[in-house]
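Quick notes on the structure that follows.
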Amino acid sequence: MDVRSEVRDQAIKSSDRLNTLLPLRLTPQDVEGNPGFVKLLTGLTKHINEQGIGLQTHKDLVQAQEVLKHEKHTWLLHHILHHEVQELILDYGIKSQEVSLASDDKQFLVILQNCLTYSEIGDYLDFSPDPTSKATLLGLTQEDVNRHNVYRKHISSVQQRLIPEIEARLQRKCENLVTFYQPPKLSDSTRLTLSKAVQLPGEIETNKHQLSEDKKQVQVIHRKRDKQFWLYYQTLLDLLSVLEKVLKDYKLDRQVESDLVTSEWLIARCDAMCLKIKLVQLQILCDTYTAETVQALDVVRKHLDSAIDDHEKDLVRVGQALRAYEAVGMGFDSLVEEYTKLRGELENKQWALAELQQTTSQSTG
């Protein structure tokens, strides 16, 4: 028993280690039943990580992600500046609808719009998705675009005014972002808010990293929960098999004997109930038919027997008469009708004669 427990514990440890190092969900039963497969998985842990990716591939992927992160950072910087310039032009356009702009503002707005337009045209020249392709839109180059840009000579003067305005706008947005992310106190100064804005990317990166770690921890908890669930499930199956064996080996054998005893007891109880019912029936008969009642019933029975004999004799006589009538033949019905008719005429004549005699005696008197 101790050897089995030790093997079981070793299988649990092996399954936990492999499930941590590889994206697997092995059970101790899998480890015990497939030692060769477990050996293969142990060898794979030296070549792939817990996400199922090769170690060298993972290293190359990390480097590519770093390069992508750097390129994305550079692109976002240019995109933010481009977006701020567009918003600045839009603000000047809205302002010109409300009040008349000064001549310097008008000149600044025209130069800025045209310089931005020529700069955007340069972005459309390289239209091919192939980075090695040298084909450009309409065969134009960036030098051609710069040569036709008559506002290029004013870029330095525009930058002297544009850069402070862009910096001020970005500073206000940073302050608003810090205010949203970390509501300031009344004692916080503008310099302190700006300092927080500088530290904000690092804090956000730290929070993202913490969230990532929390997600990993949640995944670990989920794996542990799943492992415990399957462990409990397997334990319940083992318990059910043990209960089934105990039920089959002990309870069912005794159940036959118990059923036999119960059936015999029910049979005896039914017999006793039938005897009780018969006894109650006899008691009711004894209470109903006393000695006087029996004598009276005997007299009634004699009268009934005598009446039954008389009716049976009448029935025999009537039957003989019917058979005699049936023996006469088919003309018997007409004779009966004629007899009935003559009998009716005789009664009428007798009644008429009696009436005549009565009338004659009354007149003589």
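The values are calculated or read from the model by the stated rules, or taken from the named source; none is laboratory data. Values in this document were obtained by computation on a predicted structure and should not be read as measured data. Reconstructed Cβ throughout: ideal geometry from the backbone, glycine too, with neighbour counts over all protein chains shown. Areas reflect the complete protein model, heavy atoms only, side chains present, ligands, DNA and RNA absent. Shrake-Rupley method; radii C 1.70, N 1.55, O 1.52, S 1.80 Å.
Per-structure values
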{"quantity": "Test result for Lys46, without any contact (Cβ under 8 Å) to a residue 24 or more places away in the chain, open to solvent by 60 Å² or more (accessible area, probe 1.4 Å) and part of a helix (DSSP H, G or I)", "calculated": "no"}
{"quantity": "Checklist (1) in contact with a helix residue (DSSP H, G or I) (Cβ under 8 Å, 6 or more places away or on another chain); (2) open to solvent by less than 50 Å² (accessible area, probe 1.4 Å); (3) assigned to a helix (DSSP H, G or I) applied to Leu26, failing item", "calculated": "(3)"}
{"quantity": "Residue in segment 1-21 that is open to solvent by 80 Å² or more (accessible area, probe 1.4 Å) and outside any helix (DSSP H, G or I) present", "calculated": "yes"}
{"quantity": "Segment 109-147, residues that are among the aliphatic types (A, V, I, L, M) and either touching a residue at least 12 places away in the same chain (Cβ under 8 Å) or at negative phi (or both)", "calculated": "Leu109, Val110, Ile111, Leu112, Leu116, Ile121, Leu125, Ala135, Leu137, Leu140, Val145"}
{"quantity": "Hits in segment 119-134 (condition: in a helix (DSSP H, G or I) and either out of contact with any helix residue (DSSP H, G or I) (no Cβ under 8 Å at 6 or more places or on another chain) or polar (S, T, N, Q) (or both))", "calculated": "Ser119, Glu120, Asp123"}
{"quantity": "Test: Gln142 is open to solvent by 70 Å² or more (accessible area, probe 1.4 Å) and in contact with a Leu (Cβ under 7 Å, 6 or more places away or on another chain)", "calculated": "yes"}
{"quantity": "Failed item in (1) open to solvent by 60 Å² or more (accessible area, probe 1.4 Å); (2) closer than 30 Å to Val198 by Cα; (3) of a type in the set (D, E, K, R), with Asp123 passing the rest", "calculated": "(2)"}
{"quantity": "Unique match (being in a helix (DSSP H, G or I), open to solvent by 100 Å² or more (accessible area, probe 1.4 Å) and not aromatic (Phe, Trp, Tyr)) among Leu68, Leu112, Leu88, Leu116", "calculated": "Leu68"}
{"quantity": "Search result, residues across segment 126-139 that are open to solvent by less than 60 Å² (accessible area, probe 1.4 Å) and among the polar types (S, T, N, Q)", "calculated": "Ser128, Ser133, Thr136"}
{"quantity": "Segment 100-109: number of residues that are open to solvent by 30 Å² or more (accessible area, probe 1.4 Å), of a type outside the set (D, E, K, R) and not in a loop (DSSP other than H, G, I, E, B)", "calculated": "2"}
{"quantity": "Residue identified as touching a residue at least 12 places away in the same chain (Cβ under 8 Å), open to solvent by 90 Å² or more (accessible area, probe 1.4 Å) and either assigned to a loop (DSSP other than H, G, I, E, B) or of a type in the set (S, T, N, Q) (or both) among Gln51, Gln56, Gln97, Gln63", "calculated": "Gln51"}
{"quantity": "Breaking point among (1) more than 30 Å from Leu24 (Cβ to Cβ); (2) open to solvent by less than 100 Å² (accessible area, probe 1.4 Å), for Leu239", "calculated": "(1)"}
{"quantity": "Residue within segment 168-175 that is assigned to a helix (DSSP H, G or I), more than 30 Å from Lys196 (Cα to Cα), among the charged types (D, E, K, R) and open to solvent by 50 Å² or more (accessible area, probe 1.4 Å) present", "calculated": "no"}
